[in-house]
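What follows is a set of notes on a single structure, which appears directly below.
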Amino acid sequence: MHCILFYDVVEDYLERRAAFRAEHLALARVAHERGEIVMGGALADPADGVVIVFRGSDCAAAEAFAKADPYVRNGLVKSWRVRKWTAVIGESSTTP
């Protein structure tokens, strides 16, 4: 099963993220090494959000990641949400 973590970020996100980027990326790398994060990154043009795709038996890892993320804890993220995603094409996809 896949889950997508969506962040809606503050207007000056790109300027403010530098102070927290190393900690954010370290958290993401550990989750990736555990097999939880498939891929992730910031949206561009405009840079108004972040999308991180998780894989697991439920969405608990995505929710735990958001709660621990320094971007969330330090106010760079206005809101976040997790959605289950039925991937039907690609590696580790689910056929309905």
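The values are calculated or read from the model by the stated rules, or taken from the named source; none is laboratory data. All values reported here derive from a predicted model rather than from experimental measurement. We place every Cβ from the backbone using ideal geometry, glycine too, and count neighbours over all the protein chains shown.
A few comments on the model shown:
- The residue that is modelled with the highest pLDDT, among those in the range 10-34 that are over 27 Å from Thr94 (Cα atoms) and acidic (Asp, Glu), is Glu23.
- The numbered conditions (1) in contact (Cβ under 8 Å) with a residue 40 or more places away in the chain; (2) exposed (fewer than 12 other Cβ atoms within 10 Å of the Cβ) are all true for Lys67 except (1).
- The range 35-64 - residue that is in contact (Cβ under 8 Å) with a residue 24 or more places away in the chain and in a loop (DSSP other than H, G, I, E, B) and, of those, nearest to Ser92 (Cα to Cα): Gly56
- Residues satisfying the stated conditions in the range 29-47, i.e. closer than 16 Å to Val77 by Cα and either among the hydrophobic types (A, V, I, L, M, F, W, C) or touching a strand residue (DSSP E or B) at 6+ places or on another chain (Cβ under 6 Å) (or both): Gly40, Ala42, Leu43, Ala44, Ala47
- Count of the range 11-27 residues which are free of Cβ contacts under 8 Å to residues at least 40 places away in the same chain, of a type in the set (D, E, K, R) and over 18 Å from Ile37 (Cβ atoms): 3
- Residue match in the range 75-94 (condition: among the aromatic types (Phe, Trp, Tyr) and not in a helix (DSSP H, G or I)): yes
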